Amino acid sequence: MAEAPLIRVEPPGPVARSIIDRDSKALVQSYVRWVPLVVKEAHGAVVEDVDGNKYIDLNAGIAVMNVGHSHPKVVEAIKRQAERLQHYSLTDFYYEEAVTAAEKLREISPVNDGKVFFTNSGTESIEGSLKFARYFFGGSRQYFIAFLGAFHGRTFGSLSLTASKAHYRKGFSPLLPGVIHVPYPYPYRCPFKTDDPLECGQAVLDYIEEWIFHKLVDPSEVAAFVVEPIQGEGGYVVPPDNFLPGLRKLADKYGILLIDDEVQSGMGRTGKWFAIEHWGVKPDIMALAKAIGGGLPLGAVVIRGDIASTLVRGSHANTFGGNPIAVAAMSAVIDLIKEEKLLDRATRLGEYTLKYFNDLKEELEIIGDVRGKGLMIGVELVKNRKTKEPATEELAHVIEKSFKRGVVVIGAGMSTIRIAPPLVIDDELLQKALDILSDVIREENRQLRP
C-alpha cells in the first residue's frame with residue numbers, strides 16, 4: 001500500500017509558496033484554487049507536492065484520473081506512440097490509432113450505431129453536440145432545454161447551458177440565444193417542495209410539458225434536451241429514478257434529441273461505463289472528456305448513426321481532436337477498466353463509502369444528505385437539518401483541514417463535499433482518507449453545535 005498521508009511541512013511549504021508567487025505574476029488568475037497544493041508528481045491515488053508532502057487524492061484531478069495517476073500501461077502507451085507519431089491532423093488525414101480508439105468507444109457506448117467525433121475538452125464536446133443537434137434538423141429547431149444546477153463548460157455555447165453558479169455567467173452576456181432552463185429534480189432540495197423523490201421527478205417532467213411547451217415554446221422548435229445524468233458541479237445530485245426514463249419518453253413524444261453530458265460521470269466513475277446506464281436510457285448524442293484521455297487533453301462526441309450521417313464534409317472539424325498520443329492513452333484506459341474490473345471496484349467501494357457516510361449522518365447533524373453512484377459521491381453539509389441552510393463556510397473549513405492532514409478533497413454545489421477518487425484506490429488508503437475526513441467533519445459539527 002502506498003504510504004500516505006505524509007505531511008513533512010505544513011502546506012504550503014517554502015517551495016510551494018515560491019511557485020504560487022510566480023503563478024500569481026505569470027498566469028491569468030481566473031481560476032478557483034481550492035487549496036494551495038503545488039503538485040510535483042502523482043502515482044495511483046497518491047499526490048506529492050514540491051515540498052515532499054504526500055496526499056490521498058479524493059478528486060482524481062477533477063474526475064479525470066479514473067485509472068489512477070501515471071498508470072504504467074497508460075505511460076507505456078503514451079511513450080510508444082510519442083516515439084512514432086505525435087500529430088497529423090485527423091481532420092485532413094487518417095491514422096489507425098484514432099480508428100482503434102473510436103471502435104473501442106463504440107463498443108461500450110449506449111448510443112445506437114454510434115459514430116465518434118474527437119475533441120480536445122468537455123466544453124468542446126458540448127459545443128459540437130449543440131451543432132450536431134441543430135444540423136440534424138436543418139436549423140428548423142433552434143431551442144435547447146437545459147437544467148438549473150447544470151455545468152456544461154465555459155465557452156459561449158456551453159456556458160449558455162451552464163447554470164450551476166451565477167458568477168460563471170456574470171459579465172459574459174449576451175450568451176447563446178434559444179437556451180431555456182428548467183428545474184432539475186434535486187431530491188434533497190426539490191424545487192417543487194416535495195420530499196418524495198418520484199413526485200419531484202414527475203413534477204419536473206410535468207413542468208416541461210405543461211408549462212414550457214404550452215406557455216413558452218412549441219416543442220417542434222426544440223432541438224434537444226441537454227442533461228447531466230448526475231449533476232457534477234451542481235452538487236453531485238442524483239435524480240429520482242423516474243426522471244431520465246421520463247425525459248427520454250418526453251423527447252421521443254416530441255421528436256426532440258437527448259444530449260447526455262457524461263464528461264464527469266463517464267468512463268466507469270459511477271460503476272457503469274456511463275452514468276445514464278443506471279436508468280436504462282439511451283441518449284442520441286453523448287458528450288465525453290475528462291477520464292477518457294488518461295490525463296491527456298481529449299474529448300469525444302458519440303452521435304447516433306442517422307444523425308452522424310447528415311453531417312457533410314467540412315461541416316465540423318478541428319486540428320487537434322483525436323491526437324495520436326491522446327487516443328493511444330484512451331485505448332489503454334478502456335483496456336485497463338476492463339482488465340482491472342474497475343466498474344465492479346467502483347461499485348463496491350462506492351457502496352462502502354455511501355454506507356460509511358450515511359452511518360456518520362446518523363451521528364452528525366451537520367450532514368444533511370449523502371448521495372451518489374459508484375465513486376461519484378456527494379456529502380452535503382448544512383447548518384440546520386430543518387432549514388437545510390447550506391454550510392458553505394464549514395465546507396471550506398473541511399477542505400482546508402483535510403488538506404493539512406493529507407487528504408485532497410474539493411466541493412460542489414453550495415456546500416457538498418465531492419468524493420471522486422481514482423477507481424484504483426487501495427481499500428486501506430480509502431479508509432484512511434474517509435477517517436480523516438470524518439474526523440474533520442466531526443470538528444465542524446462541534447463548532448456548529450458545541
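Values in this text are rule-based calculations from the coordinates and carry no lab data. Just so you know, these numbers come straight off a predicted model, no measurement behind them. All Cβ positions, glycine included, derive from the backbone under ideal geometry; neighbour counts span all protein chains shown.
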Write down the percent of antiparallel bridges among all DSSP beta bridges whose residues are both part of the chain, to the nearest 5. 70 percent
Expressed as a percent, the portion of alpha-carbon pairs in segment 249-325 spaced more than 14 Å apart is 68 percent
Among S160, S331, S89: highest mean-square fluctuation, GNM of the chain, C-alpha pairs under 10 Å: S89
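Counting residues in segment 1-138 as N, plug N into 2.2 N^0.38 Å and put the Cα Rg over that result. All intermediate terms of the calculation are to be shown ahead of the outcome.
On the way: Rg = 20.0 Å, N = 138, 2.2 N^0.38 = 14.3 Å.
So segment 1-138 has a normalised radius of gyration of 1.40.
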Placed amide H near L257: partners under 5 Å, 5+ positions off or other chain: A224, F225
How big is Rg to Rh over segment 76-220, alpha-carbon atoms, Rh as the Kirkwood inverse-mean-distance radius? 1.07
Debye intensity ratio in log₁₀ form over the Cα atoms of segment 296-402, taken at each q of 0.16, 0.20, 0.23 Å⁻¹: -0.89, -1.04, -1.21
Test of understanding: express the Cα radius of gyration of segment 74-339 as a ratio to 2.2 N^0.38 Å, with N the residue count. 1.00
Using the reciprocal of the averaged 1/r over all distinct C-alpha pairs, how large is the Kirkwood radius of segment 184-268 in Å? 13.5 Å
If we count other beta carbons within 10 Å of each Cβ, what is the order of I307, I256, fewest first? I307, I256
Per 5 Å bin, what is the whole-percent P(r) computed from every C-alpha pair distance within segment 294-335? 5, 19, 23, 20, 17, 14, 2
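Let me check I have the definition right: for the chain, take the eigenvalues of the Cα gyration tensor, multiply each by 5, take square roots. What are those semi-axes in whole Å, largest first? It would help to have the intermediate numbers written out before the result.
Details: eigenvalues 225, 169, 77 Å².
Taking √(5λ) for each eigenvalue gives 34, 29, 20 Å, largest first.
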Cross-link table K73/K341; K383/K432; K40/K401, entries beyond 18 Å C-alpha to C-alpha: K383/K432; K40/K401
If each part is reduced to its alpha-carbon centroid, segment 25-104 and segment 202-259 end up apart, in Å, by 34 Å
Work out, step by step, the length gained on full extension between A317 and K253: first 0.36 nm times the residue separation, then minus their alpha carbon distance; give nm to one decimal. 19.9 nm
Could you check which residue among P245, P174, P185 shows the biggest mean-square fluctuation in a GNM of the chain with a 10 Å Cα cutoff? P174
Taking a virtual spin label 7 Å from the Cα of V32 along the C-beta vector, which residues in segment 379-418 bring their backbone nitrogen under 16 Å of it? 379-381, 390-400, 409-418
Among the listed pairs K131/K290; K355/K386; K338/K404; K272/K361; K215/K373; K272/K388, which have their C-alpha atoms separated by more than 24 angstrom in this model? K338/K404; K272/K361; K215/K373; K272/K388
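How far, in nm, would the chain grow between F172 and S140 when pulled straight, counting 0.36 nm per residue and subtracting the alpha carbon separation? Provide the component values of the computation, followed by the final result.
On the way: separation 32, 0.36 × 32 = 11.52 nm, distance 2.68 nm.
So the chain would gain 8.8 nm between F172 and S140.
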The rounded separation in angstrom of the Cα centers of segment 398-428 and segment 339-385 is 12 Å
Given R₀ = 41 Å, FRET efficiency for D435-K215 by Cβ-Cβ distance, to 0.05? 0.20
Could you check the simple spin-label distance between T155 and D196, using points 7 Å along Cα→Cβ, in nm with one decimal? 4.4 nm
Among E393, E233, E103: highest mean-square fluctuation, GNM of the chain, C-alpha pairs under 10 Å: E393
Hydropathy at least 0.5 by Kyte-Doolittle, axial extent at least 20 angstrom from the Cα trace: which helices of the chain, defined as entire DSSP H runs, fit? 324-339
